[in-house]
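Right, one structure below, let's go through it.
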Amino acid sequence: MKAIVYKATILIFWLLATSHPEIFAQRSNTKREIKKLMKEYNAVGLSVAVVKNNALSYTHAFGLKNIEDDKKLKPKDIFRIASISKSFSATAIMQLIEAGELSLDDDFSKLIGFTVRNPKYPDSVITLRMILSHTSSINDSQGYFNLNVINPNTNPNYASCYSDYPPGGGYRYCNLNFNMAGTIIEKISGERFDQYIVNHILKPLHLYGGYCVDSLDSSLFVTLYEFDSATQKFTAAVDAYHPRREEIKNYKSGYSTPVFSPTGGMKISARDLAVYMQMHLNMGTYNNIRIISEKSAQQMQTIVSPEEKYGLALLTTDTFIPGKVLVGHTGSAYGLNSAMFFSPSEKFGLVLITNGCNTTKPGGGPGFLKAAAQVLYKHYIQ
């Protein structure tokens, strides 16, 4: 049986080489250049997906899923994608806005059920829009995996969660913003955060993923590796897929939401993330399935903070692919680095996720993904 499969594989490659030599050369050159980059950055694994002319044109997995078992990475394997997760939370918020349940200019204090005010500017309302655009003046100095840190009723040092500038008067990237936003999704919808995302975003798009570890096939989880610059070795991140069973067992709806990390806890494959990306590329729709309205999609992509070119959980950049204005987000946690960027006007996009690389190399993890993205752009889009 193995011999038959092997012969069939050889035949397929031969047919590609003879009948479509340009496709064979394209894939061969891509693999060669990506593998060279992986060697340069000591990358453990890399999963990629390319969208061109609004269609998925290339997916591939390079390197290892797990060093200890020498297990190869496959396109179906799923990663905790870190901060790209924020856009799922913002997408859910936009759905609830469209349903007339809330607005971007709502006072966040009234939504969450306790006072969210910068004590240095007590008369300045912090709105939902500010939370989603990192212009709320809130910071992560007290942590972000528990709402108690910013609740005046539970933390005497809650004032430390606020920066010195007024709400709306500056930009500061803050994970707590989105863990609080996830709580609002729960309060308004009546569904547990992770289940809302599955039911209203993933299932309609026929995607496999989610925020709850125990709802997923753990055999698909890609091991994430942190690089130790002193020893030049990789160490597996033990908490990347922590199930938080005890916290979920004692879950309080509308308050315990940070357990699922709306700010960074989505688990999904590069291929399925590319489908989700296409929805945003098409202003809220994919294969005639509408997830959010065109107006909502445009609002997410519209810059709120000119300094950082950040919208509502999506940012704009012209440096990921030099000279191309792209919209998307990056992620970094537990040694993982991820990137999702797309061009709504030119209908192309790129997803790249690595489970670990040498962060002392030029640009570190983001530098590796940027270099690999330029290889993919050259061969599949340009």
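The values are calculated or read from the model by the stated rules, or taken from the named source; none is laboratory data. Every value quoted in this text rests on a predicted model; they were computed, and no experiment measured them. Note: ideal-geometry Cβ built from the backbone for every residue, glycine included; neighbour counts use all protein chains shown.
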Inset, instruction - With the condition kept exactly as written, say whether any residue in region 68-87 is more than 19 Å from ALA313 (Cα to Cα), in contact with a Pro (Cβ under 8 Å, 6 or more places away or on another chain), assigned to a loop (DSSP other than H, G, I, E, B) and not aliphatic (A, V, I, L, M). - result: no
Legend entry - Given (1) free of Cβ contacts under 8 Å to residues at least 60 places away in the same chain; (2) outside the structural domain of TYR225 (by TED's automatic domain parsing); (3) over 16 Å from LYS187 (Cα atoms); (4) not in a helix (DSSP H, G or I), index of the condition PHE62 fails: (2)
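In region 225-272, how many residues are more than 23 Å from SER89 (Cα to Cα) and either surrounded by 13 or more Cβ atoms within 10 Å (Cβ to Cβ) or of a type in the set (D, E, K, R) (or both)? Please lay out each step first, then the result.
Going through region 225-272, the residues more than 23 Å from SER89 (Cα to Cα) turn out to be 225-238, 246.
Keeping just the survivors that are either surrounded by 13 or more Cβ atoms within 10 Å (Cβ to Cβ) or of a type in the set (D, E, K, R) (or both) gives 225-228, 233-237, 246.
Within region 225-272, residues that are more than 23 Å from SER89 (Cα to Cα) and either surrounded by 13 or more Cβ atoms within 10 Å (Cβ to Cβ) or of a type in the set (D, E, K, R) (or both) number 10.
Scan region 273-289 for residues that are of a type in the set (Ser, Thr, Tyr) and surrounded by fewer than 24 Cβ atoms within 10 Å (Cβ to Cβ) and jot them down.
Quick first cut of region 273-289, residues of a type in the set (Ser, Thr, Tyr) only: 276, 285-286.
Selection gives THR285, TYR286.
Residue under question is LEU147, and the condition is that it be among the hydrophobic types (A, V, I, L, M, F, W, C) and out of contact with any Pro (no Cβ under 8 Å at 6 or more places or on another chain); does it hold?
Values: among the hydrophobic types (A, V, I, L, M, F, W, C): yes; out of contact with any Pro (no Cβ under 8 Å at 6 or more places or on another chain): no.
No.
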Inset, instruction - Go through (1) farther than 15 Å from PHE193 by Cα; (2) in a loop (DSSP other than H, G, I, E, B); (3) touching a strand residue (DSSP E or B) at 6+ places or on another chain (Cβ under 8 Å) and name the single condition ASP272 misses. - result: (2)
Legend entry - In region 187-224, the residues that are within 19 Å of VAL259 (Cα to Cα), of a type outside the set (Phe, Trp, Tyr), buried (at least 20 other Cβ atoms within 10 Å of the Cβ) and in contact with a Phe, Trp or Tyr (Cβ under 8 Å, 6 or more places away or on another chain): ARG192, ASP194, ILE197, VAL213
Inset, instruction - Those residues that are more than 19 Å from ASP217 (Cβ to Cβ) and part of a loop (DSSP other than H, G, I, E, B), I need them from region 238-247; list them, please. - result: VAL238, ASP239
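Residues in region 33-48: is at least one among the charged types (D, E, K, R) and touching a Ser or Thr at 6+ places or on another chain (Cβ under 9 Å)?
At the first step, the residues of region 33-48 found to be among the charged types (D, E, K, R) are 33, 35-36, 39-40.
The next check asks that each one be touching a Ser or Thr at 6+ places or on another chain (Cβ under 9 Å); those that pass are none.
No.
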Legend entry - Selection count where residues are closer than 18 Å to TYR208 by Cβ and either at pLDDT below 95 or polar (S, T, N, Q) (or both), scope region 52-86: 2
Legend entry - Residue ID - farthest from the chain's Cα centre (by Cα), chosen from residues in region 35-59 that are closer than 17 Å to TYR334 by Cβ and in a strand (DSSP E or B): GLY45
Legend entry - Scan of region 127-163 for residues that are touching a strand residue (DSSP E or B) at 6+ places or on another chain (Cβ under 8 Å) and more than 20 Å from SER87 (Cα to Cα), ordered by number: ILE150, CYS161, TYR162, SER163
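Which of the residues belonging to region 318-343 are in a strand (DSSP E or B) and among the small types (Gly, Ala, Ser)? Show your work before the answer.
Let us first name the residues in region 318-343 that are in a strand (DSSP E or B), namely 326-333, 336-343.
Within region 318-343, GLY328, GLY331, SER332, ALA333, SER338, ALA339, SER343 meet the criteria.
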Legend entry - Which numbered condition ILE321 misses (of (1) buried (at least 20 other Cβ atoms within 10 Å of the Cβ); (2) in contact (Cβ under 8 Å) with a residue 60 or more places away in the chain): (2)
Inset, instruction - Select from region 196-215 the residues that are β-branched (Val, Ile, Thr) and within 17 Å of ILE184 (Cα to Cα) and list them in ascending order. - result: ILE197, VAL198, ILE201
Inset, instruction - Tell me, please, whether a residue that is surrounded by fewer than 21 Cβ atoms within 10 Å (Cβ to Cβ), at pLDDT 95 or above, assigned to a loop (DSSP other than H, G, I, E, B) and of a type in the set (D, E, K, R) can be found in region 307-317. - result: yes
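LEU102 - would you say it is of a type outside the set (Val, Ile, Thr), closer than 25 Å to GLY210 by Cβ, over 23 Å from the mean Cα position of the chain (by Cα) and assigned to a loop (DSSP other than H, G, I, E, B)? Before the answer, list the steps.
Working: of a type outside the set (Val, Ile, Thr): yes; closer than 25 Å to GLY210 by Cβ: yes; over 23 Å from the mean Cα position of the chain (by Cα): yes; assigned to a loop (DSSP other than H, G, I, E, B): yes.
Taking the combined requirement at face value, the residue satisfies it.
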Inset, instruction - For ALA90, work out the one condition from (1) loosely packed, with under 15 Cβ neighbours inside 10 Å; (2) under 23 Å from LEU326 (Cβ atoms) it doesn't fulfil. - result: (1)
